[in-house]
Amino acid sequence: QVQLVESGGGLVQPGGSLRLSCAASERTFSTYAMGWFRQAPGKEREFVAAISWRGRSISYADSVKGRFTISRDNAKNTGYLQMNSLKPEDTAVYYCAARYGSGPTAVPSEYMYWGQGTQVTVSS
């Protein structure tokens, strides 16, 4: 079973940047596709970005395209989400997730493993 731990959240002003990390407990993390999701208060969990196990296939939600970059370092069993030009509407708890298999997907139910989440607050 893969355990995921997110870090890097915090308070940032609009226009600022944050880099989230997702550390996996297993070396087999390299065989899992990884996704980032977020959930704001009173809203459903929504897809942010996903990356295939080798990093060759990537997808983004339209709302973050051009501002966020997903990546991974399989040697370190860690995934990343670089967030630039942050907006107040990006405020949410951000979760990383992993699914066995190569392809990234935007569907939360297709991910078997989830982290506990890290809070991102964008406010002046």
Checked the stretch 8-26 for anything in a strand (DSSP E or B), of a type outside the set (A, V, I, L, M, F, W, C) and in contact with a Phe, Trp or Tyr (Cβ under 8 Å, 6 or more places away or on another chain); matches are Arg19, Ser21
(1) assigned to a loop (DSSP other than H, G, I, E, B); (2) open to solvent by 60 Å² or more (accessible area, probe 1.4 Å) all hold for Val5 apart from (1)
Among the residues of the stretch 4-31, the number that are in contact with a strand residue (DSSP E or B) (Cβ under 7 Å, 6 or more places away or on another chain) and farther than 17 Å from Ala50 by Cα is 9
When (1) open to solvent by 60 Å² or more (accessible area, probe 1.4 Å); (2) assigned to a loop (DSSP other than H, G, I, E, B); (3) farther than 19 Å from Thr121 by Cβ; (4) at pLDDT below 95 are applied to Tyr100, the one that fails is (2)
A careful count of residues in the stretch 41-57 that are of a type outside the set (Lys, Arg) and loosely packed, with under 14 Cβ neighbours inside 10 Å gives 4
Filter the stretch 14-40 for residues that are among the charged types (D, E, K, R) and either open to solvent by less than 20 Å² (accessible area, probe 1.4 Å) or under 14 Å from the mean Cα position of the chain (by Cα) (or both); the one that is farthest from Val2 (Cα to Cα) is Arg19
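The values are calculated or read from the model by the stated rules, or taken from the named source; none is laboratory data. Please read these numbers as outputs of a predicted model, since none were measured by experiment. Every residue, glycine as well, gets a Cβ built from its backbone with ideal geometry; the counts of neighbours run over all protein chains shown. Note: areas computed on protein heavy atoms with side chains; ligands, DNA, RNA excluded. Shrake-Rupley method; radii C 1.70, N 1.55, O 1.52, S 1.80 Å.
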